[in-house]
Amino acid sequence: MSYPQRLGTIPPLDGALGALRTMLACPTFTIHDLAIATEAAGQGAARAIVETLAVRACEAGRRGLTLVAVNHSTRLWERRGRSAVAPNAGRAKLHGYGGGARYLVRTLDRP
């Protein structure tokens, strides 16, 4: 699941995202959930999904992809071009995602 979001805005866990018409004008795209079937694990499915999303987001004029890395997956995402950011306004929301959660950003290059 993914959607447009303002840079630095951490999506609420188990909460409402806001009005879609407001979100459509946001400059970044947030990956909220990504799940891969056990049978597809280790075959590059997640990478292909994320790269396709990055291309489509860039084509739509988005400048970045964001996500909250959970379950100690920060290093995995950093290897895929994201860098950790800790917006002051979102620390309480990050805490709600569990220990080790980090807000990550990947800047998208225009084609």
*Is it the case that segment 13-22 has a residue that's under 10 Å from the mean Cα position of the chain (by Cα) and in contact (Cβ under 8 Å) with a residue 40 or more places away in the chain?*
no
*Meets criteria (out of contact with any helix residue (DSSP H, G or I) (no Cβ under 9 Å at 6 or more places or on another chain), loosely packed, with under 12 Cβ neighbours inside 10 Å and either charged (D, E, K, R) or on the phi > 0 side of the Ramachandran plot (or both)) for GLY61*: yes
*asked:* Against the definition (within 18 Å of THR9 (Cα to Cα) and either free of Cβ contacts under 8 Å to residues at least 12 places away in the same chain or not charged (D, E, K, R) (or both)), how does ALA60 come out, yes or no?
replied: no
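No lab work stands behind these numbers, since they all come straight from the coordinates. Note that the structure is a prediction, hence the values are computed from the model and not measured. In this analysis, Cβ positions are derived from the backbone assuming ideal geometry, glycine residues included, and neighbour counts consider all displayed protein chains.
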